[in-house]
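Q: Below you will find the structure I want to go over with you.
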Amino acid sequence: MEIIKLRDDYIKLGQALKAAGLVESGVEAKEVISQGLVVVNGEIETRRGRKLYDGAEVEFDGDKISIQK
C-alpha cells in the first residue's frame, strides 16, 4: 500500500493517483476516474477533483493508496 502524506488539509483524487505513480498524467487520471475504475473509501468515484482527507483510502487497478496527515 502506497502512503501519501498530506502537506495541506487535502489532496485531490487526480493528484493522488499521479503522486502514487499509478497514472502518468492528469489526462490519464481523468480517463480512469471518469470510467469508474477508481474506488474511494469503498465507493466508485467519478469526480477527479474529489478532495481526499486524512484517513481516505483509494483503490485502482489492484493498488491501494492511504492518505495520511
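Q: How many of the residues making up region 9-29 are among the charged types (D, E, K, R), farther than 17 Å from GLN68 by Cβ and within 11 Å of the chain's Cα centre (by Cα)?
A: Total satisfying the criteria: 1.
Q: Hey, another quick one. Which pairs have Cβ atoms under 7 Å, sit 6 or more apart or on different chains, and link a residue in region 38-55 that is over 14 Å from LEU6 (Cβ atoms) to one that is open to solvent by less than 50 Å² (accessible area, probe 1.4 Å) and of a type in the set (Phe, Trp, Tyr)?
A: Listed by first residue and then by second, the contacts come to VAL38/PHE60.
Q: Follow-up. Looking only at region 1-23, count how many residues are open to solvent by 80 Å² or more (accessible area, probe 1.4 Å) and not in a helix (DSSP H, G or I).
A: Within region 1-23, residues that are open to solvent by 80 Å² or more (accessible area, probe 1.4 Å) and not in a helix (DSSP H, G or I) number 9.
The values are calculated or read from the model by the stated rules, or taken from the named source; none is laboratory data. Quantities reported herein were computed from a predicted structural model and do not represent experimental measurements. Every residue, glycine among them, receives a Cβ derived from its backbone with ideal geometry; neighbour counts consider all protein chains shown. Side chains included, ligands, DNA and RNA excluded: accessible areas come from the protein's heavy atoms. Shrake-Rupley method; radii C 1.70, N 1.55, O 1.52, S 1.80 Å.
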